[in-house]
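Enquirer: Questions regarding the structure given below will be posed in turn.
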Amino acid sequence: MDLDALTTARRAEWARLDELSRSRSLTGPEVDELVTRYRAASADLADIKTSAGRTAHGDHVSTMLARARLRLTGGPENVLRQIPRFFALQLPAALYRVRWTTLVIAVAFVFVATVVALWISGDPALVATLGSDAQLSYYAENEFTGYYSENPAAVFAGTVWTNNAFIAAQCVLFGITGIWPLQVLVQNAVGVGTAAAVMIAYDRGDVFLLFILPHGLLELTSIFVAGAAGLHIFWAWVAPGRRSRGESLAAAGRSLATIAIGLILSLALSGLIEGFVTAQPWPWPVKIGIGAAALAAFLVYMLVVGRRAYRLGETGDLTEFETGTPTLVAG
């Protein structure tokens, strides 16, 4: 093979291939042309290597093909460039998907906690099973409120945050069992109801609400969302639809695990409120207002931003480039 003759004959085609591979945006016909010229140049490179081995001409064509291949297949995105997409699209879309399950869990949680509180507080015999009168009186008068100020605010906020974030992560990641999220939610509902019962029994029910609401509005909502995400993951393999159970579970796990990351941030905010606001001697409307504002911001992000992202086709899952091409299903 005359390499010089081949180079002269193919120079214009290779130049066009190089031009297309360097272009920042391509139309549909240009993409088709890029594919066609890529195949042709690949055949030329195979002829060059077969006839002459490694040559300067072959290296030149190989470099152009590598650039064209990267243009066709893409490359991994810079992690820093993925952060805006995560917070603007993936996370809110994932939160939006579990909105109704979150509401059902919230209603059920409040119902169970209220029933437990009223049932125990209304029966002195049940109250007595929780401890001696001196112990329960001390808890109602001192221990319940002292819990929020017995440690430095920063240490307390950090401890509360890590504990709640760990619980939320468990609800999401162990949601596949279908039992774990329900167990966590029921235990917490009973625990809240029992604490409320003691406070009510000693005429401190108002204190209970005033100390719970500032941070509890966002904290409990975050736990409800975690439970909802875990149950959605469980349902993905119970009722996978047209996909296989493995594919359905993988998609749900990827998309809803993003919620665990988002809840770390919301629980950090509730932890700051619990550590730096709840125990402060400020007017209660101010403290509860701060908690309500934090919850409102979370709900706007979940429902308004999430709805817009969901309508754009986001589910919280990774892109097709990151996950691989899915199996197509008819129907």
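Enquirer: Return the Cα extents of the range 2-77 along principal axes one, two and three, sorted largest first, each rounded to a whole Å.
Expert: 37, 25, 15
Enquirer: With all protein chains present and a 1.4 Å probe, how do His232, His60 order by accessible area, largest first?
Expert: Details: His232 55, His60 100 Å².
Sorted descending by solvent-accessible area, the residues read His60, His232.
Enquirer: Could you tally the net charge around Ala56, taking each other residue with its Cβ under 15 Å from the Cβ of Ala56, Lys/Arg +1 and Asp/Glu -1?
Expert: My count for the surroundings of Ala56 gives 0.
Enquirer: Please label the shape of the chain as rounded, prolate or oblate, based on the square roots a ≥ b ≥ c of the eigenvalues of the alpha-carbon gyration tensor (a/c under 1.5 means rounded; beyond that, a/b larger than b/c means prolate, else oblate).
Expert: It comes out prolate by the Cα gyration axes.
Enquirer: I need the calculated FRET efficiency for the pair Val190 and Arg85, taking r as the beta carbon distance and R₀ as 41 Å, to the nearest 0.05.
Expert: The pair Val190/Arg85 has a calculated efficiency of 0.55.
Enquirer: While we're on this one: Ignoring everything except DSSP H segments at least 4 long, calculate the 222 nm mean residue ellipticity for the chain; use -39,500 (n - 2.57) per segment, divide by total residues, nearest 500.
Expert: Helix contribution divided over all residues of the chain: -25000 deg cm²/dmol.
Enquirer: Before I look further, what does the chain give for accessible area per residue, probe 1.4 Å, in whole square angstrom?
Expert: About 55 Å² of surface per residue is accessible.
Enquirer: Arranged from highest to lowest average of other beta-carbon atoms within 10 Å per residue, in what order do the peptides 290-296, 67-73, 143-149 appear?
Expert: 290-296, 143-149, 67-73
Enquirer: List the relative contact order of the range 1-145 as a percent without decimals, with contacts defined as Cα pairs under 8 Å and 6+ residues apart.
Expert: Rounded, it is 20 percent for the range 1-145.
Enquirer: Given the options Ser270, Ser132, Ser51, state which has the largest fluctuation in a GNM of the chain using a 10 Å cut-off (strictly under) for Cα springs.
Expert: Comparing Ser270, Ser132, Ser51 in the GNM, the peak value goes to Ser51.
The values are calculated or read from the model by the stated rules, or taken from the named source; none is laboratory data. The structure displayed is predicted, hence computed values, not measured ones. Using ideal geometry, Cβ is built from the backbone for each residue, glycine included, and neighbour counts are taken over all protein chains shown. The accessibility values were calculated without ligands, DNA or RNA, using every heavy atom of the protein model including side chains. Shrake-Rupley method; radii C 1.70, N 1.55, O 1.52, S 1.80 Å.
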